[in-house]
C-alpha cells in the first residue's frame, strides 16, 4: 500500500476484507503515503521530531477519514459526493472497512524506511502495525499467491 | 483495473492483447474509475438513477476516447499531442486495443460494489461486461499466474 | 514501471535493491512515463526526432533527479522537503538506488511501443536498458514469483 488516497485505500481494504472472508491470509505493507491510512487520529505526535517532520505530520492526513480522492476530489466536494453516494447504497465507510480488516486478522506492517524518513513513530500508528524492512516484506510477498501495488 | 486514465488503460490493454496473442487467458476486473473505460458511449443512461448518480454519470468520461491522461493532460492538449505521436507511429488507438481485447476473448468483469455506488447499470456498459463481487474476482485472481493493479 | 514519479520510482528501486540482496532475480520493464527514470541526463537527444518528439523530450524529466513527486510536489517545494528529510536520515538518493540496482545486476528493459511513440532511442537511455516488446516482457513476467505495476 503506497498510495494515500481514499478511493485506493477503499479498493485495497475491500479486497483485504473479501480475501479474509475466503479464509485467505492477508498482509498489508504500508509505505510512503500509504502510512497516512494507519495513523491513529487519537494519538498525539511524538516529541522527538525535527521541524520538518512536525510540519509534514501536520500537513498530511491523519487516519482514514482525512484521505482525499485520487481524482475529482475538487477540494473535498467530490469526496463528499462519493461519501453520500456510498451512504445511499448503505456501503460501509473506509473506517468500517479498516476496522473490519483489523478484526478479521489482516496483518499490518509499516515500512521502516518510510517511517524513518517521515518521522512517524510506531506509537502514532494503530496498534496492529508492526514496523519491518522492505526485505522482510519481500520475503513474505515472494511466497504469496498474489501481490498488488496499490 | 482501478484507474480511469487514458495512458494506464492503454498499458493495461496492450498487455491484455499481448497476453492473448501468447494464448494466455486474460481477465480484466473493472472497479471504480476503471469502469469509465467500459461504459458504452452509444447507450443512454438508465432511468432509475438518483440525482447524484445522474450528475456523476454526466461529469465523468463515457468510454475509452473520453479518458484523460494521468499526467501532462493539460486540458486535453497533452493528450492530443500523445494521440498525434501515436498516429505518427501508426499505433492503434485505445478504442482499437479495447476492441482487439473484446475480439480476442479477454474476459471483462465489473465490480458490483463500484457499479452500485456509482449508479451504473450493466446495460450502460459494453455487452461483454459481467458484474461480479470482489470475492468472485479474488477467487479467480488467486489462481492466476500474474495479477496487476492498474 | 509505468509511473514517472520520484516517490514511486524510489519505492520500485528500494524493492529492486532489497530483492537483489535476497539473491532474487529482478527485472524492471519501463513503459510510458517510467522511461524518464532511465533517460541518461548526459546524453544528447538523437537527431531523427519529429517536432513533437523534440518538444516532448524537452518538456519531460531527464533522469532520476528531475522526476516530480506524485503528490505534494508543490512546484518542487514538497520534493525538496522530502529530499531534506531523506538526507536528515542519511537515506540514499534516488540516483544512488538506481546505481545500486545497476551494480547489483537488476535487468533493465524498455517498452518498444512506448519508446517508438515517445521518440526515445536506446542511445538516450542508460546503457543497461534493452528494448523489448510487451510480449517479451509478459513471457518473462508470467514465469516470475511476483509482479508489480508501479
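Since every read-out is calculated from the coordinates, none of them should be taken as a lab result. Quick caveat: nothing in here was measured; it's all calculated off a predicted structure. Every residue, glycine among them, receives a Cβ derived from its backbone with ideal geometry; neighbour counts consider all protein chains shown.
Assorted remarks:
- The protein assembly as shown shape via C-alpha gyration tensor axes, a/c threshold 1.5: rounded
- Peptide B:65-72, shielding by other chains (average Cβ, 10 Å cutoff): 3
- For the protein assembly as shown, adding -39500 (n - 2.57) for each run of n ≥ 4 DSSP H residues and dividing by the number of residues yields -12500 deg cm²/dmol at 222 nm.
- The stretch B:63-107 shape via C-alpha gyration tensor axes, a/c threshold 1.5: oblate
- Least to most buried among C:18, B:121, A:70 (fewest other Cβ within 10 Å first): B:121, C:18, A:70
- Mean separation of Cα contacts under 8 Å, 6 or more apart, over the residue count of chain C: relative contact order %: 35 percent
- DSSP beta bridges fully contained in chain A are about 10 percent antiparallel.
- Label spacing, shortest first and in nm, from residue A:21 to its equivalents in the remaining copies (7 angstrom along Cα→Cβ): 3.9, 3.9
- Between identical copies, the spacing of residue C:46 label points, each set 7 Å from Cα toward the C-beta atom, reads 5.1, 5.1 nm from nearest to farthest.
- Cα centroid of the stretch C:66-115 to Cα centroid of the stretch B:93-150, whole Å: 33 Å
- Each other copy places its own label point for residue C:76 at 3.1, 3.2 nm from this one, sorted shortest first, where the point lies 7 Å along the Cα-to-beta carbon line.
- Residue order, fewest to most beta carbons within 10 Å, for A:47, B:7, B:89: A:47, B:89, B:7
- For the rotation that carries chain B onto chain C, the axis lies closest to a Cβ at B:149, 4, where the number is the distance in whole Å.
- Global form of chain A, assessed from the alpha-carbon gyration tensor, a/c cut-off 1.5: oblate
- Legend: ranking of residues A:42, C:87 from fewest to most surrounding C-beta atoms inside 10 Å; resulting order A:42, C:87.
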